[in-house]
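> Please find one structure pasted underneath; my questions will follow.
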Amino acid sequence: MPVLGLFALGRFVIRIIRLLWRKEEIRGLLVITLGVFFLGTWFYHQFEPTITTWGDAYYFTVITLTTIGYGDFSPTIPLTKFFTTIYVFIGLGIIAGLIGLVGEAVIEDANQRREAGANK
């Protein structure tokens, strides 16, 4: 039974990704988001002394931009503290915009599927 649930979830995620990729404004924001995550990961790996692996750098980037902030990593030198303050403001706007567009697309898809089902 759990395998079927994972399969259904996987199909849903793939359908949503295809839907999102067809929309030009979302596709552009997805590319920008990936670039922002790459920039943060690279920067923290290069300049933050407490982050020694690419995995930790990526993890810290995601935790920072989603404002979760577990506290297991934090900027320790002035350069990374300054970068983080700017990075959070820029990244939050990008992430919020992406979440909004994804939400709109998911709702639009659900409405279209419901209308298609009602018209049968």
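The values are calculated or read from the model by the stated rules, or taken from the named source; none is laboratory data. Given the structure is predicted, the values throughout are model-derived calculations rather than measurements. All Cβ positions, glycine included, derive from the backbone under ideal geometry; neighbour counts span all protein chains shown.
> Hand me the list of helices (runs of 4 or more DSSP H) wholly inside segment 1-89 holding 2 or more residues that are surrounded by 12 or more Cβ atoms within 10 Å (Cβ to Cβ) and modelled with pLDDT of 85 or more.
Values: elements: 2-22, 24-47, 54-65.
It comes to 24-47, 54-65.
> Among the residues of segment 94-119, what is the count of those that are loosely packed, with under 11 Cβ neighbours inside 10 Å and in a helix (DSSP H, G or I)?
Final tally of qualifying residues: 10.
> Where the second residue is surrounded by 11 or more Cβ atoms within 10 Å (Cβ to Cβ) and at pLDDT 85 or above and the first is closer than 18 Å to L30 by Cβ and lies in segment 100-120, which pairs have Cβ atoms under 8 Å and are six or more apart or on separate chains?
Taking only residues 6 or more apart or on different chains, the pairs are L101/L29.
> Taking interchain pairs and intrachain pairs at least six residues apart, which have beta carbon atoms under 9 angstrom, with the first residue in segment 34-46 and free of Cβ contacts under 8 Å to residues at least 12 places away in the same chain and the second of a type in the set (G, A, S)?
Partner pairs satisfying both residue conditions: Q46/A57.
> Consider G97 carefully, then state whether it is touching a residue at least 60 places away in the same chain (Cβ under 8 Å), out of contact with any Lys or Arg (no Cβ under 9 Å at 6 or more places or on another chain) and under 18 Å from I26 (Cβ atoms). Steps first, please.
Working: touching a residue at least 60 places away in the same chain (Cβ under 8 Å): yes; out of contact with any Lys or Arg (no Cβ under 9 Å at 6 or more places or on another chain): yes; under 18 Å from I26 (Cβ atoms): yes.
Yes, satisfied.
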